[in-house]
Amino acid sequence: MLSSLRVTASTLVLFFSLNLFAGLSEDYHALKNSGKNFQAIGTICELVAQLRFQEQYPEPEYRVVTGIAYNDTVRTIGELDLIVFDQQENKALLVGEVKCWKDPKGGLAKARDQRQRFLNHLRSNKPIRFKYLENPSEPFDKAQFIDVTEFISIAQKGTARVGFDYEFDYTLDELMQLRADIMSCQKSGECQRPQ
């Protein structure tokens, strides 16, 4: 009986290890030729978040984007890390703040501050301009965001216990290794380099 439990436990560990490896490998292949610049540490987390939310909100019904900055007439106020749009309504359904930090509590506090800053500016009468960092010529406007009710925080594995709404299946170390692997591939020229 005890030996069969050991075999079962070993099999489960192997299964979950292979699943994690398969997930990391799939994400590596999905992102390696994205042409994104991974110098900013947060980029890998935002792009993995985009992959996960594209699974939950598939095209053509939805569109999941990362990196929409917003500003007033003078300066950039902030950036929305992850946005899910309803394609038919052309409105944002969900905004996510992605914070893969060594200090998860500090990351969560920052995510909450950023969410509040965005809501304050969204509710004010002041004009807000939006700039999609991937395609600055694509227009976005305040009306697309005004009805957003779902704001979530996203981070690495183990962060739900400190209050994050969504956590990856990957630890911070695994995400950083994924980033390093893609950057190495880009440097060698085997993967598409940043534009």
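Distant-in-sequence amide contacts of residue 80, defined by a placed amide H-H separation under 5 Å and a gap of 5 or more residues or a different chain, comprise 68, 69, 70. Within a straight-line Cα-Cα reach of under 17 Å, residue 157 can be paired with the following aspartates and glutamates, leaving aside sequence neighbours fewer than 8 residues apart in one chain: 27, 46, 97, 103, 165, 167, 169, 173, 174. Distances between placed amide hydrogens fall under 5 Å for residue 156 paired with 101, 168, all partners being 5 or more residues away or on another chain. Axis of helix 42-56 versus longest Cα principal axis of the chain: the two differ by about 80°, to the nearest ten degrees. Converting phi to 3J(HN,Hα) with the Karplus coefficients 6.51, -1.76 and 1.60 and the offset θ = phi - 60°, the stretch 74-82 yields 10, 8, 6, 9, x, 9, 8, 6, 9 Hz in sequence order, with x at every glycine or proline. Between the amide H of residue 62 and those of 87, distances stay under 5 Å, these residues lying 5 or more places away or on another chain, with hydrogens modeled in the peptide plane. Would you work out if the chain is rounded, prolate or oblate? Take a ≥ b ≥ c from the square roots of the eigenvalues of the alpha-carbon gyration tensor; rounded if a/c is under 1.5, else prolate when a/b is larger than b/c, oblate otherwise. Cα axes put the chain in the prolate bin. Here the Karplus curve 6.51 cos²θ - 1.76 cosθ + 1.60, taken at θ = phi - 60°, turns the phi angles of the stretch 132-142 into couplings of 7, 5, 6, 8, x, 7, 6, x, 9, 9, 4 Hz, with x standing for Gly and Pro. With respect to the chain, whose longest principal axis is taken over its alpha-carbon atoms, helix 104-123 is tilted by about 30°.
When a/c reaches 1.5 or more, the comparison of a/b and b/c decides; with that in mind, is the stretch 89-195 rounded, prolate or oblate per its Cα gyration tensor? Since a/c reaches 1.5 but b/c is at least a/b, the shape of the stretch 89-195 is classed as oblate. Counting only alpha carbon atoms, the long axis of helix 172-188 and the longest principal axis of the chain meet at about 80°. Each peptide among 121-128, 151-158, 181-188 gets the average number of other Cβ atoms lying within 10 Å of its residues, and from highest to lowest they stand as 151-158, 181-188, 121-128.
What part of the accessible area of the chain, given as a whole %, is carbon or sulfur when the probe is 1.4 angstrom? In the chain, the share of accessible area belonging to carbon and sulfur is 51 percent.
Counting charges near residue 156 (Lys, Arg +1; Asp, Glu -1) among other residues having Cβ under 15 Å from its Cβ returns a value of -2. When you count the other C-beta atoms within 10 angstrom of each residue and take the mean per peptide, 53-60, 113-120, 91-98, 167-174 line up highest first as 91-98, 167-174, 113-120, 53-60. Listed by chain and number, the aspartates and glutamates placed with their C-alpha closer than 13 angstrom to that of residue 131 are 72, 79, 81, 141; residues fewer than eight positions away on the same chain are left out.
The values are calculated or read from the model by the stated rules, or taken from the named source; none is laboratory data. Remember, predicted model here, so these are calculated numbers, not experimental data. Ideal geometry is used to build each Cβ from the backbone, glycine not excepted, and the neighbour counts take in all protein chains shown. Quick note on the areas: whole protein, heavy atoms, side chains included, nothing else; ligands and nucleic acids left out. Shrake-Rupley method; radii C 1.70, N 1.55, O 1.52, S 1.80 Å.
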